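Undergrad: Below you will find the structure I want to go over with you.
The values are calculated or read from the model by the stated rules, or taken from the named source; none is laboratory data. Just so it is clear, the structure is predicted and the values come from calculations on it, not from any experiment. Cβ sites come from the backbone with ideal geometry, for glycine too, and all protein chains shown count toward neighbours.
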Amino acid sequence: MSSAGLNKWIVSGHLAGDVEVKEVNLKDGRSAKVASATLYVRRGRQRDESFTVSLSIWEESSAWRRLSFLKKGSLIICTGNLEPSPYLSKDGSPKAGLKMTVLDVDLDSVKKAVEQVQEEAQQEAA
């Protein structure tokens, strides 16, 4: 088996915000759902040496079934295809961005939604 053209990456980080789902129109006329989020990746313990990765999770991927667990601040491990996505910052300087099409997500430390935590606290108090 040849690994020519193989593009498989694994990255771990915290979600910068909740996942947003939208419906997109494909070239063949069909529509599909895609979720997007931003992963905040730290390099070592230095916060100023961190970077972000833009995530796309398509409806038919293995990662899609874990969307309900992906909340802001959750520590997750993503496996997928990575591409460079350069952009200009607000001050006009060039920046190196990364974009990942996520194939699978492993949950490391999941943040619960505020409402869910409050509901569980009320049930324990009753």
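Undergrad: Go through Lys99, Lys72 for me and flag whichever is of a type in the set (Lys, Arg) and assigned to a loop (DSSP other than H, G, I, E, B).
TA: After applying the criteria, what remains is Lys72.
Undergrad: Would you mention how many residues in the stretch 19-42 are assigned to a loop (DSSP other than H, G, I, E, B) and crowded, with 16+ Cβ neighbours inside 10 Å?
TA: Of the residues in the stretch 19-42, 1 are assigned to a loop (DSSP other than H, G, I, E, B) and crowded, with 16+ Cβ neighbours inside 10 Å.
Undergrad: OK, next. Tally time: how many residues in the stretch 43-62 are outside any strand (DSSP E or B) and either buried (at least 16 other Cβ atoms within 10 Å of the Cβ) or modelled with pLDDT of 95 or more (or both)?
TA: 1
Undergrad: Moving to a separate point now. Take the residues in the stretch 37-82 that are over 14 Å from the mean Cα position of the chain (by Cα) and among the charged types (D, E, K, R), then tell me which one is nearest to Gly5 (Cα to Cα).
TA: So, considering only residues that are over 14 Å from the mean Cα position of the chain (by Cα) and among the charged types (D, E, K, R), the one nearest to Gly5 (Cα to Cα) is Glu60.
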